[in-house]
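A.B. asks: The structure that follows is given in the form of structure tokens.
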Amino acid sequence: MALTKKISLSEEELVRALKAKETIAIQALYDMYSGALLGVISRIILQPEVAEDLLQETFIKIWNSGESYDSSKGRLFTWMMNVARNLSIDKLRSKDFRNSVKNQDIENNVDFIDAQKKVTFNADLLGLREMVTALKPEFTKVLELVYFKGYTHIEAAEELALPLGTVKTRIRMAIMELRKHFN
Amino acid sequence: MEETAAYIESGTLELYVLGLLSPAEEEEVERMSAKYPDVRQEITAIELAMEHYAKANAIEPAIGLEDKIFSAIGTPSTFIEPTPQATIIPLNQTNHSRKVRTLQYALVACIALLLVSTAALYSAHSRLDDAQNQIAQLSTQRDKFAANASFIEQKNIELHQIADMVANPSWSIVKLAGTGATPNSKMMVYWNRDERSVLLDNSKMNLPANDTEHQYQLWALVNGKPVDLGVFDMKTDREHILLKMKEIPMAQAFAVTLEKRGGSPVPTMSAMAVIGNVTI
């Protein structure tokens, strides 16, 4: 497995193969994006087993609804990222997940709900705060809420007691910093 | 563009990429994106930033998850067969067969070109043959016309000469008429007293045709004696109208007898064909 060659295809070729339900599409998508997608999922769902189950669900959904992807609306990764995010957020909000977390709480004597509520990162992840050094913490806080915690911008505005316009501006500024960093 | 600048600044596009907008709001963004290239560009830039960020924070899934996913989807796993290679090979084969197909098309085109060229060459060759035949024909015709022209020219000169004789007093035109044996025979002799020359007019000669054993002989009667002026044949297709005979300074009459080929020293009076006196 570790010896097999990773497949990498151009975006157009990927989209075409995915829509045609060619096996190579899902293999290439897995080789190219499984790590990035698991990274996104792991920010929302902290339990590695659950996160990997969600990654599996994400790929199954990508495979089954590849036809509904419209390249005029955005890049393929954005679409996949939002599939992963939506599945993760749905999971986060589902009753059985909350119950399992509660059970874990009792067992491990750790307040997972509080952990979930707080913005915490895996230690080996590149944090927004480190990356967006030029911005005050409250700017990145907004992006953290919507990007990692599954808050909508409206919920984030309520949580932070900020006007909606301010939340939008702060998300934009945080992403502008990311753009600077990666360009 | 101020309208799009404000729209971009609003932060709506970021929410769109994060999937936080309502379907109605999403539609609005898509409409703007289709209409304004800078909106579209901005969305792509945001997407790429999020993509880079996600890749920078990638977490490698546990080994074996891939196979779980592939078996769930129902595609062959990389463990069962070397799928990455197996799937890459078909792509290469596609390229290969595309190349082969291209070469096949090229070969067909070459053969078609060869056939067309051969046909064109053959057609050109046969037309060249035709042209050469025509040239040969025309050349023959031209030679014929040239010969004809020189013949006519020669005759013309001689006809002028005859016409001039009438006006020139030096020339005597002697009409020779048929005798007992051949009453219908006749011929003309032109004699120039000053130049002594004697010419026969072929065009006005009407004698019975002579055989190969015999020839006609022209005589001048000078003071009652016959003088030989040469032999000739009765022929209708002569190139010249005028036939030059031996010269004579004076004569009273001219006569023609049929003699053995080459002529006789004395005329055979019984074989006289025509005779005529010189009028002064």
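Bear in mind these aren't lab numbers, they're just calculated from the coordinates by the rules spelled out. All values derive from a computational prediction rather than experimental measurement. Note that each Cβ is placed from the backbone with ideal geometry, even for glycine, and that neighbours are counted across all protein chains shown.
A.B. asks: Under 14 Å from the Cβ of residue B:44, count the other residues' Cβ atoms, weight Lys and Arg +1, Asp and Glu -1, and hand me the total.
C.D. replies: -3
A.B. asks: Amide H of residue B:234 versus every other amide H placed in the peptide plane: which residues, excluding those fewer than 5 positions away on the same chain, fall under 5 Å?
C.D. replies: Those qualifying (amide H under 5 Å, at least 5 residues apart or on another chain) are B:210, B:216.
A.B. asks: To the nearest Å, what is the center-to-center distance of region A:52-83 and region A:153-180, using C-alpha atoms only?
C.D. replies: Going from one Cα centre to the other spans 25 Å.
A.B. asks: Something else: With r defined as the distance between the Cβ atoms of residue B:55 and residue A:19 and R0 fixed at 35 Å, what FRET efficiency is calculated, to the nearest 0.05?
C.D. replies: Approximately 0.90, to the nearest 0.05.
A.B. asks: Further, regarding this structure: Taking 0.36 nm per intervening residue step and subtracting the Cα-Cα distance, what contour gain separates residue A:72 from residue A:180 on full extension?
C.D. replies: Answer, rounded to one decimal: 36.4 nm.
A.B. asks: What is the dipole size for region B:120-189, taken about its Cα centre, with +1 at each Lys and Arg Cβ and -1 at each Asp and Glu Cβ, in debye to the nearest 20?
C.D. replies: The dipole of region B:120-189 has a size of about 240 debye.
A.B. asks: Mind listing the phi-derived Karplus ³J(HN,Hα) values for region B:178-191, rounded to whole Hz, using 6.51, -1.76 and 1.60 with θ = phi - 60°, and x for any glycine or proline?
C.D. replies: So the J values, rounded to whole Hz, are x, 9, x, 5, 10, x, 8, 6, 7, 7, 10, 10, 9, 10.
A.B. asks: At a 10 Å Cβ-Cβ cut-off, how would you order B:43, B:111, fewest neighbours first?
C.D. replies: B:111, B:43
A.B. asks: If I take R0 = 41 Å and measure r between the Cβ atoms of residue A:154 and residue B:99 in this structure, what FRET efficiency does the formula 1/(1 + (r/R0)^6) give, to the nearest 0.05?
C.D. replies: Efficiency, rounded to the nearest 0.05: 0.10.
A.B. asks: Follow-up. Could you work out how far apart the two model spin labels at residue B:117 and residue B:279 are, taking each label as a point 7 Å from the Cα in the direction of the beta carbon, and quote it in nm?
C.D. replies: Distance between label points: 8.6 nm.
A.B. asks: I would also like to ask the following. Where a ≥ b ≥ c are the square roots of the eigenvalues of the C-alpha gyration tensor, would you call region B:171-277 rounded, which needs a/c under 1.5, or, failing that, prolate if a/b is larger than b/c, or oblate?
C.D. replies: rounded
A.B. asks: Could you give the distance between the Cα centres of region A:1-51 and region B:164-205, to the whole Å?
C.D. replies: Centre-to-centre (Cα) distance: 129 Å.
A.B. asks: Determine the relative contact order of region B:171-277: mean sequence separation of Cα pairs under 8 Å and six or more apart, normalised by residue count, in whole percent.
C.D. replies: Value for region B:171-277: 31 percent.
A.B. asks: Once you list every other residue whose beta carbon is under 10 Å from the beta carbon of residue B:267, what net charge do they have if Lys and Arg are +1 and Asp and Glu are -1?
C.D. replies: Its environment carries a net charge of -2.
A.B. asks: Each label point is 7 Å from the Cα along the Cα-to-Cβ direction; what then is the distance between the points at residue B:108 and residue A:138, in nm?
C.D. replies: Here the modelled spin labels are 7.3 nm apart.
A.B. asks: Ok, one more. Using 0.36 nm times the number of residues separating residue B:223 and residue B:239, minus their current alpha carbon distance, what extension gain do you get?
C.D. replies: Separation in residues times 0.36 nm, less the Cα-Cα distance, equals 2.3 nm.
A.B. asks: Please arrange B:118, B:179 by counting, for each residue, the other beta carbons lying within 10 Å of its beta carbon, fewest first.
C.D. replies: With the fewest neighbours first, B:118, B:179 line up as B:118, B:179.
A.B. asks: Right, something else. In the neighborhood of residue B:170, defined by Cβ-to-Cβ distances under 11 Å, what is the net charge if each Lys or Arg adds +1 and each Asp or Glu adds -1?
C.D. replies: Residues near residue B:170 contribute -1 overall.
A.B. asks: Continuing with this model, one more query. Please rank A:69, A:30, B:122, fewest neighbouring Cβ atoms within 10 Å first, as an exposure proxy.
C.D. replies: B:122, A:69, A:30
A.B. asks: Next question, about the same structure. Which FRET efficiency, nearest 0.05, do residue B:264 and residue B:141 yield, Cβ-Cβ r, R0 60 Å?
C.D. replies: 0.80
A.B. asks: Through the Karplus equation 6.51 cos²θ - 1.76 cosθ + 1.60, θ set to phi - 60°, convert the phi angles of region B:240-246 into ³J(HN,Hα) values in whole Hz; use x for Gly and Pro.
C.D. replies: For region B:240-246, the Karplus-derived couplings read 10, 6, 9, 10, 7, 10, 5 Hz, x marking Gly and Pro.
A.B. asks: When Cβ neighbours within 10 Å are restricted to other protein chains, what is their mean count per residue of peptide B:39-52?
C.D. replies: Mean number of neighbouring Cβ atoms from other chains: 5.
A.B. asks: Which residues in region B:174-211 have a backbone N closer than 15 Å to a point placed 7 Å from the Cα of residue B:155 along the Cα-to-Cβ line?
C.D. replies: The answer is B:202-205.
A.B. asks: A follow-up question, please. Kindly write out, for region B:12-29 in residue order, the coupling ³J(HN,Hα) from the Karplus curve 6.51 cos²θ - 1.76 cosθ + 1.60 (θ = phi - 60°), rounded to whole Hz, with x marking Gly and Pro.
C.D. replies: Listing the rounded values in order: 5, 5, 4, 5, 4, 5, 7, x, 9, 8, 6, x, 5, 5, 4, 4, 4, 4 Hz.
A.B. asks: Counting each DSSP H run of 4 or more residues in chain B as -39500 (n - 2.57), what helix-only mean residue ellipticity at 222 nm follows after dividing by all residues, to the nearest 500 deg cm²/dmol?
C.D. replies: The helix contribution divided over chain B gives -17500 deg cm²/dmol.
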